[in-house]
Amino acid sequence: MSNHELIWRIAGGSGDGIDSTSQNFAKALMRSGLDVFTHRHYPSRIRGGHTYVEIRAAGHEVQSRGDGYNCLLALGDSFARNPQEEAYYGNEEIKPLSENLDDLREGGLIVYDSGLLSEEDVAELDLEERAAENDWHVFPIDLRSMAKEHGREVMRNTAGVGVTAALLEMDLEHIEDLMEDAMPEKILEPNLTILHEAYDMVTEEYAFEHDLRIPEGNHDEAQALLSGSNAIAYGAIDAGCRFIAGYPMTPWTDVFTIMSQNLPDMGGISEQVEDEIAAAALAVGASHAGVKAMSGSSGGGFALMSEPLGLAEMTETPIVLLESMRAGPSTGMPTKPEQGDLEFTLYTSQGDSARVVFAPGNIEEAYEQTRLAFHVAYEYQIPTIIMYDQKLSGENTNVPVSFLDREPAPSLGSVVTEADLEDMPHDETGKFHRFQHDVDNNVSPRSLPGQKGGRYLATGNEHTPSGHISEDADNRVAQMERRVEKLEDIRAELDEEHDSNQTYVGDELADFGIITWGSSQGAVFEAVERLNDDGHAVKAVSVSDMMPFPEAEMTEFLESVDQAMVVEMNATAQFRGLIQKELGRYGEKLTSLLKYNGNPFEPAEIVEGYELNSDGSDADPSAQVRIEPAAGD
């Protein structure tokens, strides 16, 4: 087995500490000099139900989950509802082992907790026969009894980490340091004891016939392990956001929690309210009063925000909203990733939309585009939305600490001073012309409540320059055109004054292109690198600017290729539809590679999609994906 990467999967039940254990193990691998990337799979239950976290670690950059994995720590589900095979959901206790075998690579390692998983249950899996066929190395170890000897069954996680480290001949130094940083003394000592006991037991009692070991690596500078939710929250804080309102909903809750933990220390405010309508309305009100504000939700929760989103568009109140996608429709699969909310996010609310939408594709882009979202929102007085999904929200990867060393951006954008207001137009009653018709960049100067000479009316109805309700036809046309034409000015600024939000890889001269967006970026980029290494000429672009659409960049890309495959996680090819809406003349070049089974793409699936497309094959892909030509082909 190749030693160039480790892909370690820890599986158990929700509530078994899978997430916290995996994060610490990922940090230990990172501190040993490796690049890491995590993938999280969990059910829509508080306790119980098969969950796993996958950690991919290598001495080179890793951008995506891998194709399968090579090391399994199966703890079993200690919260199983009914550990009987005839139960409605089957024998949940053994699912952390049984449901992970299909993805395990040849020559892989299996460690399972024989203290929880019975011999009879394991025998029904034909594990011995499958292990022989696939050259798996199986280690049944009673982690449960080992943990109970030291007082707490949950410590079987620590025992499992000790076993893993021994099998991989990994030094315990970084694991010990992390435990000392994170654990109070009361539980630190027994955890250190069981860690070493498990490590020594495996080292002394087992012969290692496998060749899987920890890869070697080195970082030139200090690294931080961040999730997409961390990156978005830190980007918002560094952009000057000091107010957030929300209601918990997976997976948006992660950002809301991080912001709520940090804002009070910075003089900011976090409010959990009764529903998502109230959350977005509070954020609109806070922004109107003069603070950088945000809110957000997922799926059905964001749907409730349509009305206050429209209010922000009509009153030209800057605000940043997060739309954290999950599989729908309705409640759908709340903890599984999907990119099915694109059309909904672009067009929800009332009438013609005047909003900006970014969809970052990785951790760095999540940070940078969140900061950009606040800049655009407050300079152009327009709602700006960050779209991401459960995959980007929960995956962790390492970034240089220096990446976050940025200057804060507290500016409220196009807000005027009281001195400025003295020379600006007012109506006969003294109200400020807040919504002027003829202004630069279609942005009318903005006053804040309490400023002398800044009084005006803010209403969701169409209004005159001073805010009075009006149904005058000429006024309507002038106000409407100014609001929607902001998007042209924003597009011009994004093209001329900022580095492109679109990211490119591959052979610039290639005549086959792959287009993707959001969190599918990493898998696509790794697939392109593999294809080029194998002698194919392929390039790819990951698009972040959903609205306003990067017409010039995408025109140039599509002009340069004969075929383009659009990769996205939904059933209706929503991003391909957006490309055809904006650049319909290139529709015949487009095909789709779609996945919507609740799991993100693996690089091999995209490689296979390319091969079937380029060969003109009618064969179905082997994985749960779908290839679809553009409408009308």
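The values are calculated or read from the model by the stated rules, or taken from the named source; none is laboratory data. In this text the structure is predicted, and so the values were computed from the model without any measurement. Neighbour counts are summed over all protein chains in view; Cβ atoms, including those assigned to glycine, are modelled from backbone coordinates with ideal geometry.
Details
- Counting only residues that are out of contact with any Gly (no Cβ under 8 Å at 6 or more places or on another chain) and part of a loop (DSSP other than H, G, I, E, B), the range 14-45 holds 4 of them.
- The listed residue being free of Cβ contacts under 8 Å to residues at least 24 places away in the same chain and either touching a strand residue (DSSP E or B) at 6+ places or on another chain (Cβ under 7 Å) or under 26 Å from Thr51 (Cα atoms) (or both), out of Leu225, Leu178, Leu192: Leu192
- Scanning the range 201-222 for residues that are of a type in the set (Lys, Arg), outside the structural domain of Met30 (by TED's automatic domain parsing) and without any contact (Cβ under 8 Å) to a residue 60 or more places away in the chain turns up nothing.
- Residue among Asp545, Asp495 that alone is modelled with pLDDT of 95 or more, of a type outside the set (Val, Ile, Thr) and in contact with a Leu (Cβ under 9 Å, 6 or more places away or on another chain): Asp545
- Which numbered condition Ala523 misses (of (1) hydrophobic (A, V, I, L, M, F, W, C); (2) under 27 Å from Arg576 (Cβ atoms); (3) not in a helix (DSSP H, G or I)): (3)
- Considering Gly107, Gly90, the condition of being assigned to a strand (DSSP E or B), of a type outside the set (S, T, N, Q) and surrounded by fewer than 19 Cβ atoms within 10 Å (Cβ to Cβ) is satisfied by Gly107 alone.
- Pairs, first over 20 Å from Arg40 (Cα atoms) and of a type in the set (Ser, Thr, Tyr) in the range 96-110, second modelled with pLDDT under 95 and part of a loop (DSSP other than H, G, I, E, B), C-beta under 9 Å, six or more apart: none
- Subset of the range 46-85 [in a loop (DSSP other than H, G, I, E, B), closer than 22 Å to Val111 by Cα and of a type in the set (A, V, I, L, M)]: Leu75, Ala80
- Those residues of the range 259-295 which are part of a helix (DSSP H, G or I), aliphatic (A, V, I, L, M) and closer than 20 Å to Ser353 by Cα, in sequence order: Ile277, Ala280, Ala281, Ala283, Val284
- Of the criteria (1) touching a residue at least 40 places away in the same chain (Cβ under 8 Å); (2) assigned to a helix (DSSP H, G or I), which one Leu117 fails: (2)
- For the range 382-405, the candidate set comprises residues that are in a loop (DSSP other than H, G, I, E, B) and surrounded by 18 or more Cβ atoms within 10 Å (Cβ to Cβ); within that set, the residue that is nearest to the chain's Cα centre (by Cα) is Glu395.
- Verdict on Pro408 being exposed (fewer than 15 other Cβ atoms within 10 Å of the Cβ), closer than 27 Å to Asp238 by Cα and within 39 Å of the chain's Cα centre (by Cα): yes
- Filtering the range 453-493 to residues that are assigned to a loop (DSSP other than H, G, I, E, B), more than 34 Å from the chain's Cα centre (by Cα) and of a type outside the set (Ser, Thr, Tyr) leaves Gly453, Gly454, Arg455, Leu457, Ala458, Asn461, Glu462, Pro465, Gly467, His468, Glu471, Asp472.
- Any hit, the range 269-279, residues being buried (at least 20 other Cβ atoms within 10 Å of the Cβ) and either under 25 Å from the mean Cα position of the chain (by Cα) or modelled with pLDDT under 95 (or both): yes
- Residue match in the range 53-66 (condition: assigned by TED's automatic domain parsing to the domain that holds Met170, more than 25 Å from Thr503 (Cα to Cα) and modelled with pLDDT of 95 or more): yes
- The single condition among (1) more than 20 Å from the chain's Cα centre (by Cα); (2) closer than 26 Å to Met249 by Cβ; (3) modelled with pLDDT of 90 or more; (4) of a type in the set (Val, Ile, Thr) that Ile110 does not satisfy is (2).
- Complete set of residues in the range 231-289 that are among the charged types (D, E, K, R) and in contact with a Phe, Trp or Tyr (Cβ under 6 Å, 6 or more places away or on another chain): Asp275, Glu276
- Extreme residue, farthest from Gly513 (Cα to Cα), among residues of the range 541-573 that are among the β-branched types (Val, Ile, Thr) and surrounded by fewer than 16 Cβ atoms within 10 Å (Cβ to Cβ): Thr572
- The range 30-87: number of residues that are in contact with a Pro (Cβ under 8 Å, 6 or more places away or on another chain) and β-branched (Val, Ile, Thr): 1
- Test result for Ser295, under 17 Å from Tyr234 (Cα atoms), buried (at least 19 other Cβ atoms within 10 Å of the Cβ) and not acidic (Asp, Glu): yes
- Condition met for Glu185 (at pLDDT below 95, of a type outside the set (S, T, N, Q) and within 26 Å of Leu29 (Cβ to Cβ)): yes
- Candidates Gly450, Gly361, filtered to the one that is at pLDDT 95 or above, farther than 27 Å from Pro308 by Cβ, in a loop (DSSP other than H, G, I, E, B) and not assigned by TED's automatic domain parsing to the domain that holds Pro43: Gly361
- The condition of being buried (at least 22 other Cβ atoms within 10 Å of the Cβ) and either closer than 17 Å to Gln369 by Cβ or at pLDDT below 95 (or both) holds for Ser519.
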